[in-house]
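First up is the structure itself, then whatever we jot down about it.
The values are calculated or read from the model by the stated rules, or taken from the named source; none is laboratory data. Just so you know, these numbers come straight off a predicted model, no measurement behind them. Note: ideal-geometry Cβ built from the backbone for every residue, glycine included; neighbour counts use all protein chains shown.
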Amino acid sequence: MTAKKTISVTVNGTVEVRTVEPRLLLSDFLRDTLDLTGTHVGCEHGICGACTIFLDGDSVRSCLTLAVQADGAEIVTVEGLGDADRLNFLQRKFREHHALQCGFCTPGMLISATDLLRKHSELSEAQVREGLSGNLCRCTGYEHIVRAVMAAAEEWDGEWNEATPRECTS
Amino acid sequence: MPTEAGPGLVGARVPRREDPRLLSGRGRYVDDLKVYGLLHVAFLRSDHAHARILGVDADSAWRMPGVVGVFSAADLEPVARSIEARSRMKNHHGTPIFALARDTVRYVGEAVVAVVAESRYLAEDALRQVEIEYEPLDALVDAEAAAEAETHLHPEAGTNVLAVREFSRGDVEAAMRGAAVRVGGRFRFRRKAAVALENRTCLAEYDRGGRSLTLHSSTQVPGIVKDALVEILDLYDHRVRVVAPDVGGGFGGKGSLYGEEIAVCALSLMLDRPVKWTGDRMEDLTSTSQAFDEIVDAELGVDNDGRLLALSAEVVGDVGAGSIYPWTAALEPVQVASFMPGPYRLPVYRGSVRAVATNKPPTGPYRGVGRPASTFVMERLIDMAARRLSIDPMALRLRNFVGKEEFPYRTGSGIVWDESGFAECLESAAARIAYEDFRERQAEARKRGRWPGIGIASYAELTGIGSRISAAPGMPINTGTETATVRVESSGRISAIFGVASHGQGLETTLAQIVADDLGARIEDIDVIQGDSAAVPHSTGTYASRSAVIAGGAARLSATALREQIVEAASHLLEAAPGDVEVRDSMVHVVGTDRRMTLRELARAFYSEMDRIPKEARETIELAASKLYDPFFGTTASASHIAIVDIDPETCTVKIERFVVAEDCGRMINPLVVDGQVHGGVAQGIGAALYEEVVHDESGQILTASLVDYAVPSAVEIPPLEVIHLETESPSTLGGFRGMGEGGAIGAPAAVANAISDALAPLGIEIFELPATPERLFRMIERTGNHRRGMQA
C-alpha cells in the first residue's frame, strides 16, 4: 500500500491538515475524515452530481477527485453556504419554491446552481436546465428547482455573499 | 413567504419545516451517522445469474488488514432465520428471504459473502481475495419460457409460476363477437429501476446487556422491517427498534425488507459491535427491487358509437428471482390486471395474470404499482379504437368515463371507484393545452417535415386503502390503519407521533398542518415524530399513497381528542365552563373575557404545580390522545395527462414540448407539496416512457449496472410541467384527502406513448413497447421505409 500523505486543505474557511491514504476519495475525506456529511455520494462514478463541491472556485465531483489532489486547495461544501437558521439567498429560494423533497441531491444542486449564478449575469431557462444537467434529482422533476434558480437569477443583485458561499480566505 | 402561523393551514402553501436542515447539509441520513466502534460490511455478490454455490474460499481474505470476519449464509443461520412472504391467494408460492444467498444464487448481484472490516476500503480490499466456486445452472431470463421450463428457480415450489390470478365479469367472447371494432396486440413494458438518489444503507447496533437491537435503515417501512426482524432474530418485540431517519427517496425501492438489513443485524449480534452497510450504485441497480417487466396481450371491443363493450388482458409478469417481503411476487403483475379497466364504464372484463420467476432481481413495489403498465395498455387501446372509428380520442374517453350518477362504480375486477372528477380532469387538461387547436398546428408542422404528436392518458387509482383489503393482493398484513398520538409535553410543546415514514414527502410539515388546525396550535409549536418503530406500538410505513389519507385522518382524530382534554384542563385552571373555552394559536381562551393562558402555562400548571387542579380531574384528564383511523375502503384519485411531443426524423429522439396534468386529489393539505409530488412522478414516468430500462442479456448478465447505461432523465430531458388541481371533496375519507404520491408516474408513460403513436400515425406505427428509445423508434420507422423522408402527409 502506498505511503500516506499529509495534505492541507482549506474547507469552508478552515485550514484542515490531515494524513490520508493516496487512494482516499475527496468525498470520503469530507464525509468521514472531516465529518462534513452534507456532501452526499449517490453514484461514485460522476453521473449523479450529489457530491458536487467547489474546489478553487469551480464546481467539481468530489467522488471523482482524490483527497490528495485537493492539497493546497480551497474547498466549499454545502456546510459553507448559509446555516439552517440563516439560509442564504439561493437556499431561501429553494425553500420558497419547494425545490427539494428528500434533500439528497440538494447539496450538489445548490453548488451547481451557485456556480451557474456566479458565472452568468443573465440566465435563460434553457441555460439553467443545461447548467443543472449534471445533477440528477429523482423527486422534483426539476420543475421547482428550475423555478427557484430562475427566481434567484432574476432577483439576485450580484452581491457575492448573497447567493454564493462565504468567500474563502487563503 | 407565507407565515407558518395562523388558522387554516390545511390548504396553504406552507414552506416545509424539513428544508432548513436539508438545505444546509445538516440532514441525517443513515450513512451520516457516527457511531463509536463502527464496523463496515462489503458484500461479494454473484456474477452468475443462476448457479449452485459449491464453496467459498475466504482464507486469504481473513488475513487482510482490518478484517474482522468473512461470513456466508451458514455462518449467519444460527442467529437469523429466513422469512417468507405469505399470501391468501390460491396458487401462490412464497419464496424465503435470507440474509445471504444459501446454496443457490438466482440473479447477478445477489449477496453471497459478507466481509466485515474496520473500514469500507479495507472490507473491499478483502472482498477481492474471496473466491466463490459456482456450478452454473441454466439461466432463465425470458418469463414465458421460464413458465414452461423444467428448471425451477425454487425447486420446492415445483414451478416458476409463483402466482396465478384471474378476474372475470361477463362473457368476453360473446361481447367481443358483438363488437364493431376490436383492437389489441402484445404490449410490453420493460424492466425499470427506482433509482432513489440515496442508495440503500443500514446500520445495526446490538446492545448485548439490554438484549436490544436498533437498526437505522434507509427504508420506507420501518414498522414492517421491525416486525420481520423480531421473527427472524427471535428477539423480544419491544427490544427491536427500526429507525428511518432522513431518507433520500424511495419510490417503492425502499419499501420492502432486504437481506442486507438482516445481515447487518445478524453481524452486529454476532460481533457485538455496530455494523453498517452502505450500498453503492452498482449494488442498487443490481439488487434493489425493480419494476414492471410485463408482457400484456390485450384486446378491446367497441361498438360503432365508440362504447366500450369488453376488455381482455393476459398478463405475464417477470417477477425476477422470487417474492419480496412482505408484498409477495404477485404485487406488481396482479395489479396490472386488477387496474386494467381504468376509469371507464366497461361491463365485460377478463384479466389473467401469471407471475413468473426468472434469474433477475425481484420486482417489488414501485411508484404506481401495476398501474403504469395497465394505464399504458388501456390508454393505448383507447387511442387505437379511436383511430379505427375516426372518433377523437378525447371524445371517446368522455363517452366512456364512469359518470357522476354511477359512483360508487365497481369495475370488472372488483375495484370500487368513489366519486372523482374523471371528465373534469380531462376537460381541464385539454383546455390548458389548447387541445382543439393542435390538429391545425400538427398539419402545418408536418408540412415542414416535423413529426409532432399529442397523447392523452386518463387513469384512476385507489389510495389510502383501509383495512378491508391489503395494499398488496392477498397479503395477510393489515396496511389500512394508522394510529396517531398527539400530546402536550411538559414544556407546552406538542408532539405528534406517527407510524408513517417520510422519505422526502414532507410529512413533518403536512401532518403538522393538520394537527395545528384541529388542535388550535401554532405549527412552530408542533414536532412531528415519524419513521421510528419505537415511537408507536405498531406501524408499517409510507407506501401506496396512504400517508396523507390514513395518517392525516389519524392526525385529525387525535388532535381533536387532545383539544377536548386541553379544554377540560383549562376549564379548571381558568374557572370557566368547558363550553366557554377555546384553543387557538397555542393559547386557551375563555370566550368573551381576557382570561387566557398559553399551552406552556397550562402544561406547567397541569404537570408540575400542586393544587391547581382537583385530584379527580387530574386522574381523568390526560394531555395526550391516541386515535386510530381506518378509511376501510380507501378513496379514488384520478387525473388526465396530456403530452405534446416532437420527434426528430433524423435522430428519432422524442422531445416533449408540453406536459399538462389535471388531477383530482381531493382536498390538498399543502399545494406546494402536491405540485412537487406530481412533478416528480411525471418525470419518473417520462423516464419510463423514453429512457429507463434495466437490460439483462441472454445469460442473465446485467448490462445497465451504472448510471452511464441506465439513463435517468436530467433537467434537459424533462419539460416544464403544468399542473391543474381539481379539488373534489372526497366523501369517504376524513378531511377529504386523497393520496397522490404515485399518480404522476402512472399517467405519464401512457400519455407519451400515445403522443408518439399520434406523431407516427401517418406511418401506421403504434407504440406497443416502452421505453420508446430512439433505437426502437428507428427500427420501427425503418421497417416502414420512411426514415429521413419526413411525412409530407
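Here are the numbers:
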read-out: Odd one out for B:A194, checked against (1) within 14 Å of chain A (Cβ to nearest Cβ); (2) in contact with a Ser or Thr (Cβ under 6 Å, 6 or more places away or on another chain); value: (2)
read-out: Per-region count, region A:113-154, residues more than 10 Å from chain B (Cβ to nearest Cβ), surrounded by fewer than 22 Cβ atoms within 10 Å (Cβ to Cβ) and in contact (Cβ under 8 Å) with a residue 60 or more places away in the chain; value: 1
read-out: Among residues of region B:146-177, those that are within 23 Å of B:A337 (Cα to Cα) and surrounded by fewer than 17 Cβ atoms within 10 Å (Cβ to Cβ), counted; value: 8
read-out: Near pairs, Cβ below 6 angstrom, 6+ apart or cross-chain, from region B:278-295 (modelled with pLDDT of 95 or more) to any residue that is of a type in the set (D, E); value: B:T278/B:D31; B:D280/A:E44; B:D293/B:D318
read-out: Matching option when the condition is of a type in the set (V, I, T) and closer than 30 Å to B:L213 by Cα, among B:I566, B:I550, B:I523; value: B:I550
read-out: Cβ pairs under 8 Å, 6+ apart, first in region B:376-391 and farther than 15 Å from B:N304 by Cβ, second in a helix (DSSP H, G or I) and β-branched (V, I, T); value: B:V377/B:V336
read-out: Failed condition for B:L39, given (1) without any contact (Cβ under 8 Å) to a residue 24 or more places away in the chain; (2) in contact with a Pro (Cβ under 9 Å, 6 or more places away or on another chain); value: (1)
read-out: B:D19, sole failed condition from (1) in contact with a strand residue (DSSP E or B) (Cβ under 6 Å, 6 or more places away or on another chain); (2) within 14 Å of chain A (Cβ to nearest Cβ); value: (1)
read-out: Test: residue in region A:71-79 that is on the phi > 0 side of the Ramachandran plot, crowded, with 19+ Cβ neighbours inside 10 Å and facing another protein chain (nearest Cβ under 7 Å); value: no
read-out: Some residue of region B:316-331 being closer than 23 Å to B:R380 by Cα and either touching a Leu at 6+ places or on another chain (Cβ under 7 Å) or outside the structural domain of B:M378 (by TED's automatic domain parsing) (or both); value: no
read-out: Candidate set from region B:241-256 (those that are away from chain A (no Cβ under 14 Å) and surrounded by fewer than 24 Cβ atoms within 10 Å (Cβ to Cβ)); member that is farthest from B:R28 (Cα to Cα); value: B:R241
read-out: A:G13 vs. criteria surrounded by 15 or more Cβ atoms within 10 Å (Cβ to Cβ) and touching a residue at least 40 places away in the same chain (Cβ under 8 Å); value: yes
read-out: Qualifying residue in region A:83-90 (condition: under 12 Å from the mean Cα position of the chain (by Cα), crowded, with 22+ Cβ neighbours inside 10 Å and part of a helix (DSSP H, G or I)); value: no
read-out: Pairs where the first residue, in region B:738-760, is over 22 Å from A:Y142 (Cα atoms) and the second is assigned to a loop (DSSP other than H, G, I, E, B), C-beta under 7 Å, 6+ apart; value: B:R738/B:G464; B:R738/B:C665; B:R738/B:S730; B:I756/B:I767; B:I756/B:A772; B:S757/B:I765; B:S757/B:E766; B:S757/B:I767
read-out: Of the criteria (1) part of a helix (DSSP H, G or I); (2) more than 10 Å from chain B (Cβ to nearest Cβ); (3) touching a residue at least 60 places away in the same chain (Cβ under 8 Å), which one A:G108 fails; value: (2)
read-out: Some residue of region A:94-103 being more than 7 Å from every other protein chain (Cβ to nearest Cβ) and crowded, with 22+ Cβ neighbours inside 10 Å; value: yes
read-out: Members of region B:707-730 that are buried (at least 17 other Cβ atoms within 10 Å of the Cβ) and within 30 Å of B:D138 (Cβ to Cβ); value: B:Y710
read-out: Total residues in region B:639-671, condition more than 23 Å from B:V14 (Cβ to Cβ), under 27 Å from the mean Cα position of the chain (by Cα) and in a loop (DSSP other than H, G, I, E, B); value: 0
read-out: Check on B:N359, in contact with a Phe, Trp or Tyr (Cβ under 6 Å, 6 or more places away or on another chain) and surrounded by fewer than 24 Cβ atoms within 10 Å (Cβ to Cβ); value: no
read-out: B:R241 being modelled with pLDDT of 95 or more, out of contact with any helix residue (DSSP H, G or I) (no Cβ under 9 Å at 6 or more places or on another chain) and not assigned by TED's automatic domain parsing to the domain that holds B:V319; value: no
read-out: Among (1) without any contact (Cβ under 8 Å) to a residue 24 or more places away in the chain; (2) in a helix (DSSP H, G or I) - the single one B:K34 does not satisfy; value: (2)
read-out: Filter result (part of a loop (DSSP other than H, G, I, E, B) and over 15 Å from A:Q101 (Cα atoms)) within region A:126-147; value: A:L132, A:S133, A:G134
read-out: Exclusive hit being under 16 Å from the mean Cα position of the chain (by Cα) and either over 30 Å from B:E524 (Cβ atoms) or in the same structural domain as A:V146 (by TED's automatic domain parsing) (or both), set A:L24, A:L30, A:L36; value: A:L30
read-out: Selected residue [within 12 Å of chain B (Cβ to nearest Cβ), closer than 21 Å to B:G27 by Cβ, crowded, with 20+ Cβ neighbours inside 10 Å and of a type in the set (D, E, K, R)] from A:R61, A:R31; value: A:R31
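One line per residue, one yes/no per condition, for (1) in contact with a Phe, Trp or Tyr (Cβ under 9 Å, 6 or more places away or on another chain); (2) in a loop (DSSP other than H, G, I, E, B); (3) within 14 Å of chain A (Cβ to nearest Cβ); (4) more than 19 Å from B:R281 (Cα to Cα):
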position	(1), (2), (3), (4)
B:V673	no, no, yes, yes
B:I686	yes, no, yes, yes
B:A689	yes, no, yes, yes
B:A705	no, yes, yes, no
B:E717	yes, yes, yes, yes
B:E727	no, yes, no, yes
B:S732	yes, yes, no, yes
B:G735	no, no, no, yes
B:A750	yes, no, no, yes
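Here's the yes/no breakdown for (1) touching a Pro at 6+ places or on another chain (Cβ under 8 Å); (2) of a type in the set (G, A, S); (3) without any contact (Cβ under 8 Å) to a residue 40 or more places away in the chain:
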residue	(1), (2), (3)
B:A194	no, yes, no
B:L197	no, no, no
B:T201	no, no, no
B:T214	no, no, yes
B:T219	no, no, no
B:V230	no, no, yes
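Here's the yes/no breakdown for (1) within 13 Å of chain A (Cβ to nearest Cβ); (2) within 30 Å of A:C51 (Cα to Cα); (3) modelled with pLDDT of 95 or more:
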| position | (1), (2), (3) |
| --- | --- |
| B:V30 | yes, yes, yes |
| B:L33 | yes, yes, yes |
| B:L39 | no, yes, yes |
| B:H48 | no, no, yes |
| B:D57 | no, no, yes |
| B:W62 | no, no, yes |
| B:P65 | yes, yes, yes |
